[in-house]
Structure formats: structure tokens, C-alpha cells
């Protein structure tokens, strides 16, 4: 596989604007989120460090990454900038408010990606366990093919269900579960979002939007260690993965 060319530049969009409805209780303030009494998943702590910071630090140390944009909920922007001022300054982060849907948040960030950027990376803040090797692999594949995402093959039996009753069993051959980072040549992602503006589609991830715009997206095999934290129970799995890396 090709070696990364550091003359090619990357902007990273960290999506952290979700409401975490499946993670915990409804908070009364951003501070309450972070105190842990009703924590949003991206602000919850793993070994004393907020979840969003793990993957952000991995990207920030890469010399080819020239811009990192962290997208948080509009109600959290002021608090976030104040509470994490040291981290924001150290990592040279841009913190902006998100939109109604994830796709709206990414588009707001894409609009301020610098003109000299070659590739745009979109990553879920709730995936703190992504590894340097996984990032290398997806960066390299995007460099070769223009668009690439991490993904894992579906191994369980998949059922189509309606009203808690099984309608059918879906063959799992060829089915993969998408992960992030998802990496695209900047112009490909810009073209995909231009398509979205005309189509009003609400994709579940950026790869879906790029597909619908007519581009091919390559799969980079990953594994379950790059889990997305969705519920409180996922924190224990993330802790075990991170502890094994130490």
C-alpha cells in the first residue's frame, strides 16, 4: 500500500453534536452533562479524560492534519469553549455549533474547511478507541481511491422486525457495518453535499451521501475495537479496549 504523502493535507471534522438520548438522563445544563450526573456520551470520562479528547488527540499529532473542527450542540458551545479552553488551545481546535441533523453539522464544518486542504476526514467523537493503524489504513486507501471508510463485516444473523415480530431473515453475505473515520477527497465531499442540497436527502453517514452522488467508496476492514459509545454499558467495553492499549 502507498505511503502517506505528508504534502497532502487533511482537515478533520469531529462530530460531537448529538443529544445522546440513549446514553443517559436528560440534563439541565452542559455542566451537569460533564459532572456525570446525566452525562452526554462525548463528555463522559474514560480514565479521567473526556471521550471526545481521545480520537481528537490522535488526529492532532499527525503532521498531515492541518485543521480540526469540532462540532458540538449549539447549547454547549459557550460552555465547551470555556471549560476546555486549555485543550482547545493546545490542539488548535475550531469549535462550532452543529445543526438539526448530523449531516447539517458536517456541512457547517465543511463550509469552513480551508481552501488548501486536499482530504476531509469525518469522525464520530463517540469512537475513542480508534487506533493509529486504523487511521493509517483508511487514509492510505482514500489516497488511492478517493473515498474510504472503516467497516466491519456483519457476523450475526440479521432479522427484519415489525411490531416485535420477525418478518424475514436477511442474508448477511456482503453486509458490512460502517464506522468512522470516513475519508474523502475534499472535492468529492463538496460535490456530494452539493448533490444533497438539491436532493434534500438525510443520510445516516457521509459515505451514503457520497454513494448517492455517484462516487465509489472503498471499505477498509476494521474490527469491533473501534466501537461507538451509545449506552452507559459501552463505557465498560471502551475501558477494557483502552486499558489493553496501555
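Descriptive notes on the structure:
- Single residue of 98, 156 found to be out of contact with any helix residue (DSSP H, G or I) (no Cβ under 9 Å at 6 or more places or on another chain) and farther than 19 Å from residue 8 by Cβ: 156
- Residue in the stretch 187-207 that is crowded, with 17+ Cβ neighbours inside 10 Å, closer than 30 Å to residue 129 by Cβ and out of contact with any helix residue (DSSP H, G or I) (no Cβ under 9 Å at 6 or more places or on another chain) present: yes
- Within the stretch 217-235, if we keep just the residues that are within 14 Å of residue 42 (Cβ to Cβ) and out of contact with any helix residue (DSSP H, G or I) (no Cβ under 9 Å at 6 or more places or on another chain), the residue that is surrounded by the most Cβ atoms within 10 Å (Cβ to Cβ) turns out to be 234.
- Qualifying residue in the stretch 15-24 (condition: at pLDDT 90 or above, outside any loop (DSSP other than H, G, I, E, B) and under 15 Å from the mean Cα position of the chain (by Cα)): yes
- Just one of (1) more than 21 Å from residue 227 (Cβ to Cβ); (2) at pLDDT 95 or above fails for residue 99. It is (2).
- Unmet requirement for residue 122, which otherwise passes all of (1) more than 20 Å from residue 212 (Cβ to Cβ); (2) crowded, with 21+ Cβ neighbours inside 10 Å: (1)
- Helices (runs of 4 or more DSSP H) wholly inside the stretch 40-109 that include at least 1 residues being in contact (Cβ under 8 Å) with a residue 60 or more places away in the chain and surrounded by 18 or more Cβ atoms within 10 Å (Cβ to Cβ): 51-60
The values are calculated or read from the model by the stated rules, or taken from the named source; none is laboratory data. All of these numbers come straight from a predicted model, not from anything done at the bench. Note that each Cβ is placed from the backbone with ideal geometry, even for glycine, and that neighbours are counted across all protein chains shown.
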